[in-house]
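Okay, structure first, notes after.
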Amino acid sequence: MPTLLSVLNAATPAPSPENTLRPGLDPSQVSPGLVGFLMTFVLAVAVVLLVIDFNRRNRRLRYRAEYAERRAAEERAATGALPEGTTSAEGRTAGNDAARRTGAESEVER
């Protein structure tokens, strides 16, 4: 059975001699030239600008989330409400109390 290496070796073409072009082709016809360089440069600049914009928006989103978290903590502290998941004096969690209240309200509405 042929191995993978022997199959790949048989599938690869033999390299052509250096600096040979098909008859009738000039080396300037097969190089990207100034247009190719400018297009590559424009694409690279666009990618750099997109990365900078992404980082700026990501940073702004993170700051807004931190601010909202601090503001919610301050509001909980000001109203004396328990944070989600903490135990109240009756031994129930604040999240369970809210779920029981909404469940009781939905039963009353039926």
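Going by accessible area, probe 1.4 Å, with all protein chains left in place, what is the ranking of ARG64, ARG56, largest first?
Correct descending sequence by accessible area is ARG64, ARG56.
Quick one: how many Å² of VAL47 are accessible to a 1.4 Å probe, rounded to 10?
The accessible area of VAL47 comes to roughly 80 Å².
Given the Cα-Cα distance of VAL47 and ASP26 and 0.36 nm per residue of separation, how much length would full extension add, in nm?
4.3 nm
How much accessible surface does LEU49 have with a 1.4 Å probe, in Å² rounded to 10?
Rounded to the nearest 10, that gives 110 Å².
What is the extension gain from ARG62 to ASN9, computed as 0.36 nm multiplied by their sequence separation minus the C-alpha to C-alpha distance, in nm to one decimal?
Full extension from ARG62 to ASN9 adds 13.9 nm.
For ALA77 and ASN55, what is the calculated FRET efficiency with R₀ set at 30 Å and r taken between the beta-carbons, to the nearest 0.05?
About 0.35, to the nearest 0.05.
The values are calculated or read from the model by the stated rules, or taken from the named source; none is laboratory data. From a predicted model like this one, the values you see are computed outputs, not experimental measurements. Cβ: placed from backbone, ideal geometry, glycine included. Neighbour counts: every protein chain shown. Keep in mind that these areas ignore ligands, DNA and RNA; they rest on the heavy atoms of the full protein, side chains included. Shrake-Rupley method; radii C 1.70, N 1.55, O 1.52, S 1.80 Å.
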